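The next block holds one structure in the form of C-alpha cells; read it before the comments.
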Amino acid sequence: MKKILSAFLAISMALTLGVFSASAATNDGMESVEQEMFDFHRMCDEATGNILEKYDTLLNGANDVDYISLATSLSMDKSDRITAMNFITQIYDNVDDYEQAYLKYYIKSYAPYTEEENLHHFCNELKTALPSTHATYNRTDAVNYALEYYDGTNSDYPNLRPMGGDCANFVSQCLYAGGKDMTGDWFIEKKNSTYPAPENVTQLNYSWKLADPSPWISAKEFNNFWSDYATTYEYKVTEYKTDHNTIFNETILRGDAVQLLKPVLWWYEGMHTMIIVGYNSSEHDFIYAAHSNNTKDSTILGNICNASGGAYDKYKLKFFHIS
C-alpha cells in the first residue's frame, strides 16, 4: 500500500496546483493527472470491495451480493455505495488493522455526502480526540506566520511547488505556528537538507519524514484529518455568494482554515487549502492567504465566487474553525 499511497501523494499535490491555474482546464498534463487520481481512488475502492467480499463470504457464505461492484459504483445514485458502507459498519470492529485503514478511508470519503444518519454517526464515531499540550490556539501567531511566509519558504519545511502544489503544507505550518501540536498523521520532520524543494516522491522521502498519505501536505487528507478535530461549516460556492452576509456571522475567525472542495460525482474532495487572515467587513467577506498561487489579500467573493465564467460554481467551500 505504501507505493500506491506515495503515488497518490504526488498526484494530489499536482491537482492542488491546478485549482487556480487559468490553463488547467485545457492542459493535457492536468487532464492526465486527474485521470491518475481517478484511477487511484478506483483502486482503493476495489480494495475495499474485496475486503467486503471476503467478510461477506465468511459470514454469509456464497450469495449474489457483489460488493466490489457496489463499492466502486460510479452511478449518481448513492444507494450502491450506501449498501457497501452499511456492511462496513457491521464488520469494522472485526477486521485487521490493514483492512480497517481501507474501510475507514472509504467511510470518511463518502459517508458525509449521504443523507444516512447512521453513516454520519458511524463516521463521527471514528473520530479521536486531538491531544494538545497548548491550552489555546494563538490566532495572531498563525496569521503573522502566514503573512511572513505567504510569498516565500521557511527552510524548516519543504517547498513543494516543484511537485505540483504547496497549499496544504503552508496552512499546516500556519496552524503549527499558532500552537497546534503535530499529532497522528499530521506531522513533518526534516531529515537532511539535500532536497529543500523536492521534485518527486523519492526526493521528498529522502529529506523529509511524513505520513503516507499525509494530511500535512495533501489537500484531500487535510480535509479528512481536520474534519475530525475542528468545527466545520460547509457551503456551496453559489450559496456563499448569495448568503455571505449570514455566513460571515458564523464562528469563522482569523487563523481558521478554509478549503475549496471539488465535486466528484455526488461527493466532494479537498482541492485547495487557505488560511483566513482578515475580514472585509464592508462586504461581509473573508480575506485569505495561500501558497501555490501566492497571496495574502485575496477574498472569497472576489477570487472564488466571482471567478471568470463561474469556474467554481459547482464547488464547495469548507471552513475549519480551529480551537
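Readers should treat all values here as calculations from the given coordinates under stated rules, not as data from a laboratory. If you're wondering where the values come from, they're calculated on a predicted model, not measured in any experiment. FYI the Cβ positions are ideal-geometry reconstructions off the backbone, even for glycines, and counts take in every protein chain you see.
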Theoretical ellipticity at 222 nm over the chain - DSSP helices of four or more residues, -39500 (n - 2.57) apiece, nearest 500 = -14000 deg cm²/dmol
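Kindly put 81, 42 in sequence by how many other C-beta atoms sit within 10 Å of each C-beta, fewest to most.
42, 81
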Return one number: the angle in degrees, 0 to 90 and rounded to the nearest 10, between the long axis of the Cα atoms of helix 219-229 and the longest principal axis of the Cα atoms of the chain.
-> 90
Give me the aspartates and glutamates in straight-line cross-link reach of residue 54: C-alpha distance below 14 Å, same-chain residues under 8 apart excluded.
-> 46, 64, 66, 96, 99
Looks like the chain, by Cα gyration tensor root eigenvalues a ≥ b ≥ c and the a/c under 1.5 rounded cutoff (else prolate when a/b is bigger than b/c, oblate otherwise), is prolate
What is the Cα centroid distance between segment 284-318 and segment 72-122, reported in whole angstrom?
-> 31
Helix 237-247 versus the longest principal axis of the chain: what angle, 0 to 90°, nearest 10, using Cα atoms?
-> 60
Note the full-extension length gain between residue 46 and residue 136 as 0.36 nm times their separation in residues minus their Cα-Cα distance, in nm to one decimal.
-> 28.2 nm
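Arrange 65, 171, 277 by Cβ neighbour counts within 10 Å, fewest through most, would you?
In increasing order of surrounding Cβ atoms, one gets 65, 277, 171.
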For residue 258, which sequence-distant residues (separation of 5 or more, or a different chain) have an amide H within less than 5 Å of its own amide H, given hydrogens modelled in the peptide plane?
-> 274, 275, 276, 320
Relative to the longest principal axis of the C-alpha atoms of the chain, give the angle of the C-alpha long axis of helix 2-18, reported between 0 and 90° and rounded to the nearest 10°.
-> 40
